[in-house]
Structure formats: C-alpha cells, structure tokens
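Derivation of every value follows stated rules applied to the coordinates shown; laboratory data play no part. Keep in mind it's a predicted model, so treat the numbers as computed, not measured. For neighbour counting, all protein chains shown are included, and Cβ atoms are generated from backbone atoms with ideal geometry for every residue, glycine included.
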Amino acid sequence: MNTTTTISTFVEFFRSRGHQEIEGSSLLPRPGDPVLYTTSGMHPLTPYLEGQPHPRGRRLAGIQRCLRTTDLDEVGDSSHLTVFQMLGTWSLGDYGGPQSLRWGLELLCDHFGLRPEVLHATVFGGDDQVGPDTEALSAWSELGLPVELLGADDNWWSNGPTGPCGPDSEIFIWTGTGPPQGTPAADSRWLELWNHVTMRYQRHPDGSLSPLRQPSVDTGMGLERLVMVSQGASSVFETDLFAPWGSLLPGLWHPDGRSLRIITDHLRSSIVIIGDGVRPSNTGRGYVLRRLVRRALTELWQRDGSLTLADLPPELVTDTSERFGLSVMPSLVLDVLRSEEGKFGELLTRGRALLRRLYPVGVLSEDDYAYLHDTHGLPRELVTTLVGELAR
C-alpha cells in the first residue's frame, strides 16, 4: 500500500464512521499563539477542544503537517523526523476514548494488515492528581492487547503548560527481529505508532486541573511511521515517501547512511518551512530554518567542502511541496538555500580564524561559548564542530 492509498484508506475508514474530513493548515500557528510552529494535529483545533463548535461537526478526521525540534538529535535513526505529517481524528464531545481505541485497532489490523500479536498498548497509570485510566484499561482488556501502565511523563498529553489535556493511550508496534520482547518502556524496539488522548481536563497556570465542559478525544498517528510498518520497511527513509531522495542524493553527494538521512530530513523540512513563508533569521521561526539548513551543510561539508546546495535537484523540491500540499517554485527554495549557504560559509571562515586566535589549545569554558555566541554570532553546536575540525 503506497502513501496515497494509505491516506485515502485512513480518511475513508473514518468517513464511513461519520467523520468529516478537514484540511490541514500551515505550520505557522494562528496569530497570538506563543508556539513557533504547529507541533501536533490537535494544535489548530485547540479552540474546538475547549468547547467552541466546529463548523464541520463533532467528528473530524484529516492530515496535518507538523514540526518538532525536541527530537532533533535523534534524526538520523529509523523513525525520527523534523517535519512530518500527522493523521488525526477528533471526537468533539461525541464518542469516548474506548470507541476510539476499538476503531484504531480495527483500522490497523483489518485495513493496514498489522498483526495484533506485534502490538502493545500503554495506558496512564495515575498520579497525585488523577487516577488511572480505567476506561482504556478495560477497552484493551476486551480487545486482547497487552497493556503497560505508565506515568504522566509517558501517557499524559498536553500541548503546553496550560490548556486542554488528559490521559492518553498509545499503540506500539514491535520492530525488532523475532517474537516481541519486553514492554515499550523497557525495550526501544517497540515503536510508538498511534496516540489516543482523552481530553478531560483544563490545566490552569497554577498547575491545577478542572474538568472540561466538553470532554473530547484527539488521536494522532505519524503518516511516515504508518507507511514504514505497513510496507515492512526498516526505516521511514526506505518507504515510497522518500524514494526520490534515496535515488537522487547518493549519486549526487555520496553521503553515508546516517548522514544521508540527516541531510534528507533537514532539506526536506527546510523546503516545507520555506513553502510556508518563513525565511532564515537569527530569531524565532527563522532561526529554526537557519539551524536546519546549517546542520545539513555541516553534514555535507564534512565529506567535501566544495559541495553546494545549488545542486539540489528541483524535482525533490516539487515532490516534497506536493506531498505537503504546498505550491512553491523550486527556484525560490534554491535561492533561499544558496543565500544561506553563502552566509554560513562566511561564518565558518570567520569562526575558524577566531578560534585559532583566541583558543589555540581548543579548550573553551561556558563563558567562552556564551561570548562567541553573544558577540560573534557563533552558536555552540557550530563552535563544537569547528573545535573538533581544528583538532584533527
């Protein structure tokens, strides 16, 4: 099942169960939102999860592009991405969490062909404010899926320090060889696939909770991970989603396995961010883009300092923008990347000279890192890279 069929199967499954399809929105949250980028499918729906009526009704389904930098250092493994697409469903005061779990398991097993014996659920086990999620526990018991009880760090969802929140139940799939072993908390070969959140509470600035007037259900499943497991691939980068990148970049720049994944993720993410109207800068959203482009260049230039993003095939820009529902000219994206490449090259030249002059032995204190950042605009990760380069 290719990516297009995967999306249509997901949408049709929930449409047949009374859900209205909604269009995804920009990576940029609505004005006034303190968050730099949309990080989850529920983010644009926050007002409706708080009780405002949605114009399309109480059962919704759709796909939303998201960006997360919290796992940036994990990018390069088999499943983490910076920009990705989230398949989501929402019950705005309609059905409850157990129904969502039943439909979730039915879709995964009966329509995407996943075997129940390689699935595992986790459920919120309670804390000093809220008891365990007995409804989810009961539902999984009836469905025959093994369950692990975990704390708020693992099975409690909120989109920020305040706002709607509640216990979640996550579905994991075994990605190791041989029969499943252990539990998701104990073995990293269990891959988180689908998160079902029961929005029951409102978190207040003092940390207290009060019941929401309209309890809702919010679910999110990464499209790339679903395609990976349904296609039997060993990583998201080996699915049809990334096929154009995997066929063109190795022959162009010859990066190795992990480096290829990092460059692919960061450039793919940069295309989407640029397509949503952001440009590189030293603060806010623009700094996220700048950091991604420069991390990609660092990976690229570790092998050959003469390589340039100007050679990025335009068809990769077109493929990525179309997959994320964007309309952006390849020439615009390449112009932004070339410009940022030039600025980064100048910064590297200046940084190398500065480090040779000020820190010839290559030993820096925390104050040194702060000085280089605040006075010369050299971020810590870049200084660390240059120090390592000069030590070789």
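Residues with beta-carbon under 9 Å from that of residue 325, excluding residue 325: net charge, scoring Lys, Arg +1 and Asp, Glu -1? Residues near residue 325 contribute 0 overall.
Rounded to the nearest whole Hz, the Karplus-based 3J(HN,Hα) values (6.51 cos²θ - 1.76 cosθ + 1.60, θ = phi - 60°) of segment 186-195 follow the sequence 9, 9, 5, 6, 7, 9, 5, 10, 9, 10, with x at glycine and proline. Take the convex hull of the alpha carbons in segment 54-202; its mean projected area over all directions comes to 10.0 nm². Taking each residue as 0.36 nm, the span from residue 367 to residue 189 lengthens on full extension beyond its C-alpha to C-alpha distance by 60.1 nm.
Classification of segment 297-375 by its C-alpha gyration tensor yields a prolate form. The axis ratio a/c (a ≥ b ≥ c) is 1.5 or more, and a/b outweighs b/c.
Consider all pairwise Cα distances in the chain and report the whole-number % of them above 25 Å. Here the tail beyond 25 Å accounts for 60 percent of pairs. Taking amide hydrogens as placed 1.01 Å from N in the peptide plane, the amide H of residue 25 sits under 5 Å from those of 65, each at least 5 positions away in sequence or on another chain. Averaging Cα coordinates gives a centre for segment 76-105 and one for segment 292-306; these two points are 35 Å apart. Using the Cα gyration tensor of segment 232-327, with a ≥ b ≥ c the square roots of its eigenvalues, what is the shape: rounded (a/c below 1.5), prolate (a/b larger than b/c) or oblate (neither)? In terms of gyration-tensor shape, oblate.
Normalising the average separation of contacting C-alpha pairs (under 8 angstrom, six or more residues apart) by the number of residues puts the relative contact order of segment 91-194 at 26 percent.
Peptides 50-58, 226-234 ranked from most to least packed give 226-234, 50-58, packing being the mean of other C-beta atoms within 10 angstrom over each peptide's residues.
Remark on segment 94-172: hydrodynamic radius 13.2 angstrom, per the Kirkwood mean of 1/r across alpha carbon pairs. The alpha carbon centroids of segment 1-45 and segment 146-186 are separated by 21 Å. Translational diffusion coefficient of segment 158-292 (Stokes-Einstein, Kirkwood radius from Cα pairs, 37 °C, 0.692 mPa s): 179 µm²/s. Taking amide hydrogens as placed 1.01 Å from N in the peptide plane, the amide H of residue 194 sits under 5 Å from those of 171, each at least 5 positions away in sequence or on another chain.
Could you pull out every whole DSSP H run in the chain that spans at least 24 Å of Cα extent along its own axis and averages -0.5 or higher on the Kyte-Doolittle scale? Long hydrophobic helices here: 257-275, 284-301, 330-358.
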